[in-house]
Amino acid sequence: MPVVTIDSVGQFAGQTVTINGWLYNLREAGKLLFPIFRDGTGTIQGVVSAKENSGAFEALKGLTQESSCIVTGRVNPDARAPGGFELHVETIDVVQRIPDSDPYPIQLKEHGPDFLLENRHLWMRTPRQAAILRIRAQVVHATRNYLDAHGYVLTDAPMFTPAACEGTSTLFEVDYFDEGKAYLTQSGQLYIEATAASLGRVYCFGPVFRAEKSKTRRHLTEFWMCEPEVAYAGLEDIMVLGEHLVSHIVQDVVAHRARELEVVGRDVSKLAAVCPPFPRISYDEAIAVLQKSGKDVKWGDDFGGDEETVLSSQYDRPVIVHHYPAAIKAFYMQPDAERPDRALSFDMLAPEGYGEIIGGSQRIHDYNLLLERIRQHGLSEKAFQWYLDLRRYGSVPHSGFGLGIERTVAWICGTTHIREVIPFPRMLYRIYP
Ligand code: NSS
């Protein structure tokens, strides 16, 4: 018997196949049983009759939810069945029966978020969570594919670092043998500035860590970032890369994960609009929009989630906000030549209130200016000697950005909280499981 996955049963209509899976649900109706099996690729409803097949009927009757089982049966086209096919069960081999005394904790009913997070290792089996994880994988695949196809070389950045990249307030400290304190990386950027000077166009893609004290639906303490970095690129070049990359990711998910988007209940028409060019507004214009809408902000303020939502709600696709005040941005950002109090920086804000998905900038390429900024920010000159070397030897203007994977997946899936889009979320009050 061919062993097949549920997402491919359509190719086996009329044939007898074997599915390796789990019992998702069971409805008993007298001499008929209607099990629903899942195998990680989808769910399929089965039917077993006591009269026709007493062996399978007995094996299945009373079988507990999430018991693992190997099912063999004939694939019958059935317009009423979700997915269009029904499995006429012939044999069932129970691999592990969950005892009635210790049932599967996640029942097919509403549970509170704390309970679900405490049981994340089990919660992820539910069809909605599995669909989200598949969409996440597609986002990662599309991101890498786009960059690989456009000449960007993957260069991994280290996780242990001797210094901060994105401000000292969110650093996780670790003891590093006799070297003293080290920190978990907040961003691979500084390192891929070096690989960009070696290879031209590069990116890194990995987990980053921020000791975020904020308990919001947009913040994790461990999240994944994709960071392209390009030698000889300016702010304009890198904004264009950002809009093309994000459009590609969204359209790739729409094309390849239609079923999963349906499972999570996403309004796909909203995603279809996401193609370049994206609207752009300067920070100054953004302040004016916010003030007009009644927000209590003044020039020089950074934007929080509320402000981002007001700004992005004006558009049907992500909006790019550029030229932020240098004072509220990172030490490495190149100042605008005409207005040095502005940084050549941009953030991309996702629509529908999902907030910032990209932060990026042109980098300072002048040695003296960079040294001055390192000093102004009270950063360790010693730890940054290698970074200053990049400005000593063949320095060029260069630019890059970081795309937050979880923020992007949360937006594409339309989830209310970012914790659902990573297999094991790490947050202020959560390190288990
Ligand atoms: O702090 S960023 O805005 N920018 C950087 O780290 C630069 N060093 C990247 C670069 O230029 N190579 O973070 C980038 C993105 C941001 O837009 C969010 O989408 C995401 O990273 N981000 C987060 N996601 C989840 N949780 C937290 N705490 C978080 N912080 C940033």
Selection from the range 127-159 of residues that are over 30 Å from LYS181 (Cα atoms), assigned to a loop (DSSP other than H, G, I, E, B) and touching a helix residue (DSSP H, G or I) at 6+ places or on another chain (Cβ under 9 Å): HIS150, TYR152
State the number of residues belonging to the range 349-368 that are outside any loop (DSSP other than H, G, I, E, B), touching a residue at least 12 places away in the same chain (Cβ under 8 Å) and farther than 17 Å from GLY414 by Cα. 7
Among residues of the range 385-401, those that are within 23 Å of LEU154 (Cβ to Cβ), away from the ligand (no atom under 16 Å from the Cβ) and of a type in the set (A, V, I, L, M, F, W, C), counted: 2
Of those in the range 186-234 that are in contact with a His (Cβ under 7 Å, 6 or more places away or on another chain) and of a type outside the set (Phe, Trp, Tyr), the residue nearest to the ligand (Cβ to nearest atom) is GLU212
Strands (runs of 3 or more DSSP E) wholly inside the range 203-322 that include at least 1 residues being touching a helix residue (DSSP H, G or I) at 6+ places or on another chain (Cβ under 8 Å) and surrounded by 20 or more Cβ atoms within 10 Å (Cβ to Cβ): 222-231, 319-322
In the range 412-429, which residues are out of contact with any Leu (no Cβ under 8 Å at 6 or more places or on another chain), in a loop (DSSP other than H, G, I, E, B) and not small (Gly, Ala, Ser)? THR415, THR416, HIS417, PHE424, LEU428, TYR429
Residue pairs within 7 Å by beta carbon, gap of at least six or interchain, first lying in the range 183-201 and within 13 Å of TYR387 (Cβ to Cβ) and outside any loop (DSSP other than H, G, I, E, B), second more than 12 Å from the ligand (Cβ to nearest atom) and aromatic (Phe, Trp, Tyr), listed first then second, are LEU190/TYR387
Considering only residues that are over 19 Å from ARG391 (Cβ atoms) and touching a residue at least 60 places away in the same chain (Cβ under 8 Å), look in the range 322-348 and name the one that is nearest to the ligand (Cβ to nearest atom). MET348
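Residue-by-condition table, conditions (1) within 18 Å of HIS398 (Cα to Cα); (2) within 20 Å of the chain's Cα centre (by Cα):
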{"position": "TYR152", "(1), (2)": "yes, no"}
{"position": "MET159", "(1), (2)": "no, yes"}
{"position": "ALA182", "(1), (2)": "no, no"}
{"position": "SER187", "(1), (2)": "yes, yes"}
{"position": "ALA196", "(1), (2)": "yes, no"}
{"position": "VAL202", "(1), (2)": "yes, no"}
{"position": "PRO207", "(1), (2)": "no, yes"}
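Coordinate-derived values only; no laboratory data. Please read these numbers as outputs of a predicted model, since none were measured by experiment. Here Cβ is always computed from backbone atoms with ideal geometry, including for glycine, and neighbour counts include all displayed protein chains.
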